[in-house]
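What follows is a set of notes on a single structure, which appears directly below.
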Amino acid sequence: MFRTWRQRVTFSDIMVWIIGLAIGVVVVWGTISTIQSGKYSAESWFDLIVKGLALGGVYALIAMGYTLVYGILRMINFAHSEVFMSGPVTAVFLANALAASGFLNKQPLLSILAIALLSMLVSMTVAILVERIAYRPLRNAPRLVPLITAIGASFFLQYTFRGFYGSGFQAYPTIDALAGSWKIGTVQLYKTQAVVIMAAIVLMFLLYAIVMWSKLGKAMRAVSEDREAAALMGIDADKIIVFTFALGGAAAGIGGILYILLFPIAHFYMGFIPGLKAFTAAVLGGIGNVPGAFLGSMVLGLIESLGPNLFLDGLGIPNASQLKDALAFIILVFILIFRPSGILGERTAQTKA
Amino acid sequence: MPMLEVNNIHTYYGNIHALKGVSLKVEQGEIVSLIGGNGAGKTTTLRTISGALKPREGNIIFEGEDLGKRKPHQIVHKGIAMVPEGRRIFARMTVMENLEMGAYIRKDKKKIAEDLEWVFELLPRLKERRKQVGGTLSGGEQQMLATARALMTRPRLLLMDEPSMGLAPVLVEAIFDTIVRINKEGTTLLLVEQNALMALSVANRGYVLETGDIVMHDTGEALKKNEKVQKAYLGVE
């Protein structure tokens, strides 16, 4: 009945294994030779790890939007990177106004909260509008159609915001309270990075709590499992879908301000790369899975930040850190080859593909 | 005035004419069974009443109100719940969460807690398993959960689609005992079943559906004694 292993293993399986093995060897070899060279001190590794976690935290907040929407609509919302962008490119005006009045450095906490709130509201509104205008009319269309619409919506938003705010770079003012670093023993901890990591962890926990324990969160999970059965409970799927987009948009908007703390420049195109990375992270963790989005984002942040120095440098590649984006997308390709369901994604990948 | 009145409904799946003028009535407090072979349109009838499918012709009147334009989730608000075919419980959510979803449309926390006690008393197995994830329950337990979940919406009319499907004979009896109890405690039932003998035994009245049309209608007892019904659905030679 069962075929022998010889019949089951195909040529492409063997090729995939060879590629996998080759990558493994290269990574291990690069890592060993980097460590042997002693080029980087323990302090600089600590630096890179913290940087990776901070980036991962931002990715996690963006990835939530992809993963929640995918869970409920089985659709990748490619306009989500613009949902992310819309918050910080708008909030920069508030930030500059606060800085000009001197309030920003007098009341840094209040100011950041106000900026984050504005960013959150803008991103949330954009997310809801995109759902209403671009996706809802296509609810019963073939799955490729909303995907194309998503890309269209993405371009539309980019150029709309460019029309509003111009194509230039808008620098965020620096916040004195977050400048500089804390010294712990021999290592330095940048204040912004520490704040970003802490905020991201707290927010991810909050989002997880909403999804797991609130009434709307539970209804969201019910709709994502079986929309028709959920309707039989009196749950209005359209309302829940709006809530999902709002939640994802809010997370992305706050994520945008955390991103700004790390890279304080806003422009209409700023969403593209972080959006793609967060999407990669969501797939890495297992799309449709909330803890997976967090885990995948942290792993991606760390790989992106540590990877170039850890295993590319040792191979003698010059300026390895310039390759961090390439590394992130190479990872996407390999997840799709070796584990399409992601780290925690076994269960979601099987349901009604 | 009957509680539910289905008047001459025609329902299509694409171009397939699935219901060709089905009419039936359910009076308050009754158990009405709808029997028929595979593909006769039993499930289609229930899905049309629950709003998942829209009839092209005819109308459905519940407690004097036309349900024609209502969406499925609005029909639940009117007081009709359904235990769907194949149970359709939320497999990744716990038993408790499934029941909470049943109570989704209700606001009164005290009444919900009371009803929870009531369904646990009705189906004590669920209380033991309340923290377990739905997908890990046995078939019989899933059927109990689907029933309990529908009851948590506090329906006046409960539609049940093939509650005995795929269950061991002992469990089938248990499910029908539960059905009779639910009815005695005040819920009107419209039941669709392949197990015609059980369905007609508990029913006040029954309808026989064949290729999208009602061909017979009588009391449960009379249908059980009817020769044609015996031959076609009860396996009596």
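Among the chymotrypsin sites (Phe, Trp or Tyr not before Pro) in segment A:22-102, those located in a DSSP loop and surrounded by at most 15 other Cβ atoms within 10 Å of their own Cβ are A:Tyr40.
How many percent of DSSP beta bridges within the protein assembly as shown run antiparallel, rounded to 5?
On the way: 28 of 46 bridges.
Expressed as a percentage, antiparallel bridges in the protein assembly as shown total about 60.
When the trypsin sites (Lys or Arg not before Pro) in segment A:113-184 are filtered for DSSP coil states and for at most 13 other beta-carbon atoms within 10 Å of their beta-carbon, the remaining sites are A:Arg139, A:Arg143.
Can you list the trypsin sites (Lys or Arg not before Pro) in segment B:82-183 that are in a DSSP coil and have 12 or fewer other beta carbons within 10 angstrom?
On the way: sites: B:Arg87, B:Arg88, B:Arg92, B:Arg106, B:Lys107, B:Lys109, B:Lys110, B:Lys111, B:Arg125, B:Lys127, B:Arg129, B:Arg130, B:Lys131, B:Arg149, B:Arg156, B:Arg181; in loops: B:Arg87, B:Arg88, B:Arg92, B:Arg106, B:Lys107, B:Arg129, B:Arg130, B:Lys131, B:Arg156.
Listed in order of number, the matching sites are B:Lys107, B:Lys131.
With the whole protein complex present, B:His73 retains an accessible surface near 30 Å², based on a 1.4 Å probe. Averaging Cα coordinates gives a centre for segment A:140-156 and one for segment B:183-223; these two points are 47 Å apart.
Averaged per residue, what accessible area in Å² does the protein assembly as shown show with a 1.4 Å probe, protein chains only?
Values: 27420 Å² over 590 residues.
Per residue, the protein assembly as shown has an accessible area of 46 Å².
Show me you know the interface measure: the accessible area buried between B and A, both chains summed, probe 1.4 Å, in Å² to the nearest 100. Before the final figure, lay out the partial values.
Numbers: alone 11630 and 17980 Å², together 27420 Å².
When B and A are taken together, about 2200 Å² of accessible area is lost.
With all protein chains in place and ligands, DNA and RNA left out, the 1.4 Å accessible area ranks A:Ser154, A:Ser41 as A:Ser41, A:Ser154, largest first.
Checking the Cα-Cα distances for B:Lys25/B:Lys110; B:Lys20/B:Lys228; B:Lys110/B:Lys184; B:Lys78/B:Lys224; B:Lys127/B:Lys184; B:Lys54/B:Lys131 against a 31 Å cut-off, the pairs over it are B:Lys25/B:Lys110; B:Lys78/B:Lys224; B:Lys54/B:Lys131.
Judged by the ratio a/c of the largest to the smallest principal axis of the C-alpha gyration tensor, segment A:156-246 counts as oblate, that ratio being 1.5 or greater while a/b is no larger than b/c.
When the helices of chain B are scored as -39500 (n - 2.57) per DSSP H run of n ≥ 4 and the total is divided over every residue, the value at 222 nm lands at -11000 deg cm²/dmol.
Run the reach check for B:Lys111 against aspartates and glutamates, Cα to Cα strictly under 13 Å, same-chain hits fewer than 8 apart removed. What comes back? In chain and number order, the partners are B:Glu100.
The values are calculated or read from the model by the stated rules, or taken from the named source; none is laboratory data. Remember, predicted model here, so these are calculated numbers, not experimental data. Positions of Cβ are backbone-derived with ideal geometry, glycine not excepted, and every protein chain shown enters the neighbour counts. We work out accessible area using only protein heavy atoms, side chains counted, and drop any ligands, DNA or RNA first. Shrake-Rupley method; radii C 1.70, N 1.55, O 1.52, S 1.80 Å.
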